[in-house]
Amino acid sequence: MTREIVLDTETTGMDPFEGDRIIEIGAVELVNHLPTGRTLQIYINPEREIPAEATAVHGITNKFVADKPVFSQVYTEFTDFIGEDSFLVIHNAEFDMKFLNWELKQVGHKELGWNRVIDTLAIARKKFPGSPANLDALCRRYEINNDARTFHGALLDSELLAEVYLELLGGRQHGLSFADSNSGQKNGSDNATRTKTRTPRKARIFKPSAAELAAHKEFLGELKDPIWEKMGNA
C-alpha cells in the first residue's frame, strides 16, 4: 500500500527566519493514488500580525485567527495525520518544507525528511519545460475546475493539487472526485465543511476518417435484418 499526503500551507509571509508563520495547513490523503476522503484542515494563530498583502492572497484575517490555537497546540494533529513514512506531495516543496520544519523545530519535534517529499512543481517543469507550472496553469492544462479558488486556501489547494498530481502521473480515473467524496472521515481544528462541485470534463470528440466511414457503411450493408430496420417498421 502506498500512502501519500498532498499538502499545502498558508503563511503570513515568505520567510520564517524573518518572523513569518504558518496560519493554515491543509492536507488530502491518497492510498494507492486514490482519494480516501480523509482530509485535514487546521487554522493557526501565528502570534503576530498578518500583513494586509497576505490577507489579500488567502483571505485569512487577524480577527479570524485571534481565537485559533497556536502551532504548539496542534502540531501533533498534523504529524499524526501525515504519519512517519507517508510520502508528502507538495507544489513548490521548498517553500512549505521551510516553514513546516521551522515550526516543528520550535516545538522540539524532528524535522520532516526530504526523502519523503514529491515536488509536483519539479515534475511539471520537467514534463512541460518552458510552460507555466503554477497550480492555476496546471488546472487549466488538465481542465480541472478551480473556480472556487478566489483565495489561496490550504485545503482547497491541496484538493486541486491532488487532482493535478494524478494527472501528472498519467491521468486519474474518471469519476473520482475529491470534493464530493462522502465515504471518508474529516479531521482538523475548526474545519469548515465545504461542498464543492467539480465541473465534469468535456468529452473529447474525434471525427472518423473517410476510410473509417466507408468501412462502417460496408459493415452495415453486410448485416442481415438489422434490428433498427425492424424498429423503424414497427
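Coordinate-derived values only; no laboratory data. Fair warning: this is a prediction, and the values are worked out from it, not measured in the lab. Here Cβ is always computed from backbone atoms with ideal geometry, including for glycine, and neighbour counts include all displayed protein chains.
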Query raised in the report: When the chain is fully extended, how far beyond the present Cα-Cα distance does residue 33 get from residue 85, taking 0.36 nm per residue of separation?
Result: 17.2 nm
Query raised in the report: So which of 68/126; 63/98; 98/127; 105/126; 63/127 end up more than 30 Å apart, counting from Cα to Cα?
Result: 68/126; 105/126; 63/127
Requested in this report: Report, by chain and number, residues whose modeled amide H sits under 5 Å from the one on residue 21, excluding near sequence neighbours (fewer than 5 apart, same chain).
Outcome: 12, 13
Query raised in the report: Hey, got the dipole for region 3-199? About the Cα centre, +1 on K and R Cβ, -1 on D and E Cβ, debye to the nearest 20?
Result: 500
Report task. Given the peptides 40-49, 104-113, 69-78, arrange them by the average over their residues of other C-beta atoms within 10 Å, most packed first. Result -> 40-49, 69-78, 104-113
Query raised in the report: Ordered by residue, what ³J(HN,Hα) values in Hz, to whole numbers, does region 42-57 give under the Karplus form 6.51 cos²θ - 1.76 cosθ + 1.60, where θ = phi - 60° and Gly and Pro are x?
Result: 10, 9, 10, 6, x, 6, 7, 5, 8, x, 4, 5, 6, 4, 5, 7
**Report entry** Signed unit charges on C-beta, dipole axis of region 36-163, positive-most listed residue 51, 139, 82
**Finding:** 139
